[in-house]
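Chemist: Sharing a structure here in structure tokens format.
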Amino acid sequence: DAEITQSPRHKITETGRQVTLACHQTWNHNNMFWYRQDLGHGLRLIHYSYGVQDTNKGEVSDGYSVSRSNTEDLPLTLESAASSQTSVYFCASSELAGPSDSQYFGPGTRLTVL
Amino acid sequence: TQLLEQSPQFLSIQEGENLTVYCNSSSVFSSLQWYRQEPGEGPVLLVTVVTGGEVKKLKRLTFQFGDARKDSSLHITAAQPGDTGLYLCAGATGNTPLVFGKGTRLSVIA
């Protein structure tokens, strides 16, 4: 069955370190998204991609970067982790040409920055 | 910036009770989606509504899209403990990414 996976599921790191969160989908979806979820803020969009070599900034992109070299993967990199980036991160993908199509979410990565 | 306001923020009810949660905006959306998220998991799509005034039913869940396509409601009949979770609405306009509300956290007590 097609799926979307995230790794690691839990990560503890130190301030200033570079961290990369992986997202892999086997739906063959063009559109992929990264969100962070914090109490009181809901889901906030970090970066998104509508296809290979395409990346776009979301609402809270500062301190994060993504690259899309193939259809299946959209890794999220924290260049220099900060305590404010402690959060739960979700990756999602969607199928249709319109990016507002329903999204399939991964199980999330809980990141703690000490 | 388009905003979706969800109310109530928290809701705790007894098994068997009915409830309605709301999703409101000052913006018009081309479609609106409802997701449910259980602890430790990602959100899962429940329904998409696209036409003003549209009503969709999913077993004991009834979803309605407002006539002006600015608001939506989710009604649950005879709530069960399995309905416990975070309910998120998300609005779509054109080619912009989905805008999510902050969610309603529902707890159904047996």
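The values are calculated or read from the model by the stated rules, or taken from the named source; none is laboratory data. Keep in mind it's a predicted model, so treat the numbers as computed, not measured. Neighbour counts are summed over all protein chains in view; Cβ atoms, including those assigned to glycine, are modelled from backbone coordinates with ideal geometry. Side chains are part of the model used for accessible areas, which takes the heavy atoms of the whole protein and leaves out ligands, DNA and RNA. Shrake-Rupley method; radii C 1.70, N 1.55, O 1.52, S 1.80 Å.
Chemist: Ignoring everything but the protein chains, give the 1.4 Å probe accessible area of B:T20 in square angstrom, nearest 10.
Modeler: Ignoring ligands and nucleic acids, B:T20 comes out at about 40 Å².
Chemist: What list of ³J(HN,Hα) couplings, whole Hz, do you get for the stretch A:55-69 from phi and the Karplus terms 6.51, -1.76, 1.60, once you set θ to phi - 60° and write x for glycine and proline?
Modeler: Result, ordered by residue: 9, 9, 7, x, 5, 10, 7, 4, x, 10, 9, 9, 9, 10, 9 Hz.
Chemist: Report the percentage of all Cα-Cα pairs in chain B whose separation exceeds 19 Å, rounded to a whole percent.
Modeler: Working: 2360 of 5995 pairs.
The share of Cα pairs beyond 19 Å in chain B comes to 39 percent.
Chemist: While we're on this one: Going by Cα centres, the stretch A:72-88 and the stretch B:65-83 are how many Å apart?
Modeler: Taking the Cα centre of each part, the stretch A:72-88 and the stretch B:65-83 sit 34 Å apart.
Chemist: Same structure again: Lysines within cross-link reach of B:K57: Cα-Cα under 25 Å, excluding same-chain residues under 8 positions apart?
Modeler: B:K70, B:K102
Chemist: A further question follows. Kindly give Rg over Rh for chain A, based on alpha-carbon atoms, with the Kirkwood expression for the hydrodynamic radius.
Modeler: Details: Rg = 13.2 Å, Rh = 13.9 Å.
With Rg and the Kirkwood Rh in hand, the quotient comes to 0.95.
Chemist: Now for a separate question. How large, in percent, is the carbon and sulfur part of the accessible surface of chain A at a probe radius of 1.4 Å?
Modeler: After summing per-atom areas, the C and S share lands at 46 percent.
Chemist: Quick one: pull the percentage of alpha-carbon pairs in the protein assembly as shown with a separation above 25 Å.
Modeler: So the portion of pairs separated by more than 25 Å is 40 percent.
Chemist: A follow-up question, please. Using the Karplus equation 6.51 cos²θ - 1.76 cosθ + 1.60 (θ = phi - 60°), what ³J(HN,Hα) coupling, rounded to whole Hz, does each residue of the stretch A:77-85 give in order, writing x for Gly and Pro?
Modeler: So the Karplus estimates, Gly and Pro as x, are 10, 9, 5, 8, 4, 10, 4, 5, 8 Hz.
Chemist: Just to confirm the filter: which trypsin sites (Lys or Arg not before Pro) across the stretch B:27-90 are DSSP coil and have at most 14 other Cβ within 10 angstrom of their Cβ?
Modeler: For trypsin sites (Lys or Arg not before Pro) across the stretch B:27-90 that sit outside H, G, I, E and B with at most 14 neighbouring Cβ atoms in 10 Å, the list reads B:K59, B:R60.
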